1. Picking from 29, 9, which residue would you name as being among the hydrophobic types (A, V, I, L, M, F, W, C) and either touching a Lys or Arg at 6+ places or on another chain (Cβ under 6 Å) or modelled with pLDDT of 95 or more (or both)?
2. Out of curiosity, is residue 82 assigned to a strand (DSSP E or B) and either touching a Cys at 6+ places or on another chain (Cβ under 8 Å) or over 15 Å from residue 125 (Cβ atoms) (or both)?
3. Taking into account only those residues within region 40-82 that are among the polar types (S, T, N, Q) and under 21 Å from residue 131 (Cβ atoms), which is farthest from the chain's Cα centre (by Cα)?
4. Which ones in region 40-60 are touching a Leu at 6+ places or on another chain (Cβ under 9 Å) and in a strand (DSSP E or B)?
5. For region 28-82, which positions are of a type in the set (A, V, I, L, M, F, W, C) and loosely packed, with under 13 Cβ neighbours inside 10 Å?
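The values are calculated or read from the model by the stated rules, or taken from the named source; none is laboratory data. What you see is a predicted model; the values in this text were computed from it and never measured. All Cβ positions, glycine included, derive from the backbone under ideal geometry; neighbour counts span all protein chains shown.
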Amino acid sequence: MAAFAALLLVGCAATRFETPEIRIVGIELQQSDLFQQRFKVHLRVQNPNDRALPVKGITANMELNGEEFAQGIAGDSFTVPAMGEAEFDMLLTANMAGAILRLVTDMQRGKAADSLEYRMHGKLSLASGFLRSIPFDEKGSLELGDLRRAK
């Protein structure tokens with residue numbers, strides 16, 4: 001019985017898992033009209049774990065300054081190496097009419113800023129392993145000068 005308990009403790013220690021960090025490293029406006037905007041978001045995933053993460057897709061929602069802004073889904077597979085990182089692009093779809101109205105209102109009230117606070121949350125879907133999805137919730141800020149339009 002003691003051997004079984006020791007084996008169980010070793011197994012639990014071996015399955016300790018740290019959530020990967022996901023950061024926005026760039027945003028580019030791809031397409032825009034009155035009703036919808038499409039952004040290519042370049043993301044970096046950092047894996048602090050001692051095993052690779054075989055990602056088969058990602059779903060994400062993005063907030064800017066506390067307001068729902070965009071959502072997207074990507075099905076491109078990639079692997080984040082153990083104790084390493086990987087970068088990838090995904091498309092997010094937004095309806096900026098409400099966001100622009102709030103921004104103009106903030107500007108009129110003298111609250112305009114050079115950066116926007118963002119929150120990106122969703123999940124990474126894995127191709128194999130005991131865990132099949134990993135939720136994430138990251139926050140940061142975007143400098144307005146970092147936003148680019150695709151050429």
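1. On the way: 9 fails: either touching a Lys or Arg at 6+ places or on another chain (Cβ under 6 Å) or modelled with pLDDT of 95 or more (or both).
Of 29, 9, the one residue that is among the hydrophobic types (A, V, I, L, M, F, W, C) and either touching a Lys or Arg at 6+ places or on another chain (Cβ under 6 Å) or modelled with pLDDT of 95 or more (or both) is 29.
2. Values: assigned to a strand (DSSP E or B): no; either touching a Cys at 6+ places or on another chain (Cβ under 8 Å) or over 15 Å from residue 125 (Cβ atoms) (or both): yes.
Considered against the rule, which asks whether it is assigned to a strand (DSSP E or B) and either touching a Cys at 6+ places or on another chain (Cβ under 8 Å) or over 15 Å from residue 125 (Cβ atoms) (or both), residue 82 comes out as no.
3. From region 40-82, those among the polar types (S, T, N, Q) are 46-47, 49, 59, 61, 65, 71, 77, 79; that's our starting set.
With the extra rule that they be under 21 Å from residue 131 (Cβ atoms), the set shrinks to 46-47, 49, 59, 61, 77, 79.
On the way: 46: 11, 47: 13, 49: 18, 59: 8, 61: 8, 77: 15, 79: 16 Å.
Once the filter is applied, the top-ranked residue is 49.
4. Restricting attention to region 40-60, the residues satisfying the condition of being touching a Leu at 6+ places or on another chain (Cβ under 9 Å) are 40-41, 45, 47, 53-60.
Once the filter is applied, which keeps residues that are touching a Leu at 6+ places or on another chain (Cβ under 9 Å) and in a strand (DSSP E or B), region 40-60 yields 40, 41, 45, 53, 54, 55, 56, 57, 58, 59, 60.
5. At the first step, the residues of region 28-82 found to be of a type in the set (A, V, I, L, M, F, W, C) are 29, 34-35, 39, 41, 43, 45, 52-53, 55, 58, 60, 62, 64, 69-70, 73-74, 78, 80, 82.
The answer is 34, 35, 82.
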